[in-house]
Amino acid sequence: MISKLPFNNYKSIGIEYFNGGYTQCFPAWRYDNIVPKYNKFYYIVDGEFYISINKKEYIARKGQLFLLPCNSIQTFYHISQNFAKKYWFHFNVPCNGKDLLELVSLSHMIEVEDPETVVKLFENILSHGPKPNLSSQLRKESSILELLSYFIDHSDLYNDRKLKMNTNIQFVLNYIENNYDKNITVNELADLLQCHPNYFIRYFKKAMDISPIDYINNVRIEHCKTLLSTEKANIEAIAYRAGFSSPFYFSRVFKKKTGFTPSDYRLLTSSQEMTNPRA
């Protein structure tokens, strides 16, 4: 998310819901260069259509969730007889005297990996009617905020700039190497790159083919292997020195990654030292 304000300045966020539904678009459905004063969510359940948002073009298809910001130039129309079916609703998000989507810039579309979650949120939003009572209104607004949060978490754009893969990942790897003996958390690593933890996990795994926690444990295990081979400290002390939260967890991770318990690994490496002494 490209932010025009510091994150802690997003205060007094509200929700204004206008209308919504589940619709199969009629054959003549078409709008050219309209500029709505409200935001839209479209979740495509079936079919396809052309859509342009501020001159960025897409072919909308099943499983895609679109967020169309207010005051953007929009065009959409069918491109085949496979007419679209979609969940949709119109809304605004007042924030700091403007709409939230005027204060942040998000990608227009995400591919939904868990459609049941998204459909459930739309159903929750649409189930309360145009004039809900207080409790229904709060549930509706909660579901809208949850859907918006879901979209932000899965968006490819985040924070003040696009993350530069090689430079930023190396920065994180250096940080892990220098702090592996501490209680490193995913939130802490995400803060280094000023991005949301959910985005950071996907970003890190894309770059390294491994989750952040698994990578941290690999670094810790390599250091533990050296300590087990060269020092006489007990296994519990080695576990804590390497940053593991408990000796039991250390032993479980160590065996999973090496095939040996820490004790067996120490015996194995010490016997190898005796049979192959260094000159």
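The values are calculated or read from the model by the stated rules, or taken from the named source; none is laboratory data. As the structure is a prediction and not an experimental result, all values here were calculated from the model. Don't worry about glycine lacking a Cβ; one is built from the backbone with ideal geometry, like all the others, and counts go over all protein chains shown.
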(request) Within region 19-29, identify whether any single residue is buried (at least 17 other Cβ atoms within 10 Å of the Cβ), assigned to a strand (DSSP E or B) and either in the same structural domain as Pro115 (by TED's automatic domain parsing) or touching an Asp or Glu at 6+ places or on another chain (Cβ under 9 Å) (or both), and answer yes or no. (result) yes
(request) Might you let me know whether region 134-141 holds any residue that is charged (D, E, K, R), more than 29 Å from Val93 (Cβ to Cβ), over 22 Å from the mean Cα position of the chain (by Cα) and modelled with pLDDT of 90 or more? (result) no
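Can you tell me which of Asn33, Asn39 is touching a residue at least 40 places away in the same chain (Cβ under 8 Å) and in contact with a Cys (Cβ under 6 Å, 6 or more places away or on another chain)?
Of the residues listed, the single one that is touching a residue at least 40 places away in the same chain (Cβ under 8 Å) and in contact with a Cys (Cβ under 6 Å, 6 or more places away or on another chain) is Asn39.
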(request) Name, by its number, the condition in (1) polar (S, T, N, Q); (2) surrounded by fewer than 18 Cβ atoms within 10 Å (Cβ to Cβ); (3) modelled with pLDDT of 80 or more that does not hold for Asn159. (result) (3)
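Does region 99-112 contain at least one residue that is in a strand (DSSP E or B), hydrophobic (A, V, I, L, M, F, W, C), under 26 Å from Phe26 (Cβ atoms) and within 23 Å of the chain's Cα centre (by Cα)?
Yes.
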